[in-house]
1. In the list ALA284, ALA258, ALA233, which residue meets the criterion of being buried (at least 20 other Cβ atoms within 10 Å of the Cβ) and at pLDDT 95 or above?
2. Within region 305-317, identify whether any single residue is modelled with pLDDT of 95 or more and either in contact with a Pro (Cβ under 6 Å, 6 or more places away or on another chain) or of a type in the set (S, T, N, Q) (or both), and answer yes or no.
3. Would you mind telling me which numbered condition in (1) of a type outside the set (Lys, Arg); (2) farther than 23 Å from MET267 by Cα; (3) without any contact (Cβ under 8 Å) to a residue 12 or more places away in the chain PRO326 fails?
4. Can you tell which of ARG103, ARG144, ARG171 is surrounded by 20 or more Cβ atoms within 10 Å (Cβ to Cβ) and either assigned by TED's automatic domain parsing to the domain that holds VAL305 or charged (D, E, K, R) (or both)?
5. Sort through LEU226, LEU210, LEU219 and tell me the only one that's buried (at least 22 other Cβ atoms within 10 Å of the Cβ) and modelled with pLDDT of 95 or more.
6. Pull up region 331-355, narrow it to residues that are touching a residue at least 60 places away in the same chain (Cβ under 8 Å) and assigned to a strand (DSSP E or B), then point me to the one that is surrounded by the most Cβ atoms within 10 Å (Cβ to Cβ).
7. Which residues, taken from region 107-141, are under 18 Å from LEU252 (Cα atoms), among the charged types (D, E, K, R) and surrounded by 15 or more Cβ atoms within 10 Å (Cβ to Cβ)?
8. Looking at (1) at pLDDT 95 or above; (2) more than 21 Å from GLY263 (Cβ to Cβ); (3) of a type in the set (D, E, K, R), find the lone condition where GLU380 falls short.
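The values are calculated or read from the model by the stated rules, or taken from the named source; none is laboratory data. Nothing here was measured: the structure is a model prediction, and the numbers come from that model. All Cβ positions, glycine included, derive from the backbone under ideal geometry; neighbour counts span all protein chains shown.
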Amino acid sequence: MKPYRVLLIGPRRAILNLFRARNIPFSVWRESALYPIEDAQHLITAPFYNDTPKIKALLTQNLGSEQFSHVIAGTEQAVYPAAVARRVVGARLSTTTTALRCRDKLAMKQYLTDFDIPMTRFLAESHLETTAEAFTYLGSPMVRKQRKSSGGRSFELLTEQDDWVLKRNGRTILEKFVSALEASIESFVNNGKIQFVNPTQYLQKGHVNLVPGDFDEGLLAEMLELNHRVIEALKINWGVTHLEVYLSENGLLFGEIALRPPGGYIMNAMQYAYGFDPWAAFIAMELGEPFDFPQMPKAYSCVEVLHPGVGHITAIQGQQKVCVHPETREFKLKVKVGDSITKREGTGQDIGHLIFASASPKERMALYQTFKEQFVIVVE
């Protein structure tokens with residue numbers, strides 16, 4: 001086997017630390033210089049283009065004819081540039097159409113419709129002549145999303161046809177609003193086969209994640225089957241996927257799938273629940289290596305992503321009780337009394353997080369309620 005040489009597009013500290021620990025030489029393409037990466041062989045700071053010629057030109061300009069064994073996308077925005085980059089630098093190839101479909105909500109849903117994947121109705125906004133057309137087909141309320149956004153960014157709820165103006169720039173998708181609980185499934189895929197799955201329950205979407213979720217066996221089996229069908233249809237050969245699903249009264253509805261590690265500190269929570277390093281597993285999937293996954297959870301994790309709303313912090317109560325609790329695994333608070341909290345633009349924006357792990361789902365919920373009562377951030 002040739003020695004590894006990796007181009008990482010969209011750096012994450014956990015990935016960089018694993019490269020260093022394994023002495024894998026790496027280069028980095030990042031969008032902004034948030035922190036120094038002095039040991040990268042090449043360091044590119046530039047936007048993650050969705051235009052193939054721009055990607056090729058940027059890589060040729062910065063890397064010349066240098067070759068890499070693998071190209072890894074660390075973020076959702078990096079998935080398509082990584083698929084193009086693999087062809088430029090001679091790395092292990094992925095399908096660019098798969099990358100595009102996992103990045104573009106409209107292309108994803110149009111493609112999966114042919115595989116009878118259940119999903120809510122949708123429209124390309126650029127194809128409409130009037131707002132009335134959208135409401136006739138989708139009903140009210142409906143949702144407008146950016147086709148290539150993630151983490152709830154650009155989400156708009158539309159209720160009246162006269163209260164909004166059509167966007168014909170080709171960047172948006174309209175969907176029928178679904179009022180239902182949501183969940184996600186994280187899959188580790190190698191050589192086209194799912195090696196490990198984790199079902200995450202959204203106790204409060206964007207704020208509280210249960211890992212693994214406490215689902216009825218029949219419902220869980222349906223979720224896993226839907227997940228398998230989507231991954232197979234999209235021909236995803238390796239990596240980590242994050243599929244979101246609506247648990248509607250009429251059955252499961254596919255939301256979307258991302259070809260990258262999940263946000264919301266779910267990777268951290270998986271470590272405490274199952275007893276393995278999900279980032280090491282992610283790297284193994286990307287490099288085509290075997291990985292010894294656990295069969296069952298060892299504990300039941302809860303992630304609370306902290307963001308109490310816009311305002312001025314006047315008090316923080318119960319912080320010490322959370323810190324010293326024996327089941328607390330991670331607790332980070334980025335603010336203090338006197339700070340102001342701005343509007344949350346996406347689920348990746350927070351003022352801190354709490355992760356704890358309990359021996360059973362019942363104990364997990366009891367501790368969640370205890371922490372909810374004891375730990376309070378007062379915002380006015």
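1. The match here is ALA284.
2. yes
3. Unmet for PRO326, out of (1) of a type outside the set (Lys, Arg); (2) farther than 23 Å from MET267 by Cα; (3) without any contact (Cβ under 8 Å) to a residue 12 or more places away in the chain: (2).
4. Being surrounded by 20 or more Cβ atoms within 10 Å (Cβ to Cβ) and either assigned by TED's automatic domain parsing to the domain that holds VAL305 or charged (D, E, K, R) (or both) holds for just one of ARG103, ARG144, ARG171, which is ARG103.
5. One residue alone meets the criteria, LEU210.
6. This residue is ILE355.
7. Once the filter is applied, which keeps residues that are under 18 Å from LEU252 (Cα atoms), among the charged types (D, E, K, R) and surrounded by 15 or more Cβ atoms within 10 Å (Cβ to Cβ), region 107-141 yields only LYS109.
8. (1)
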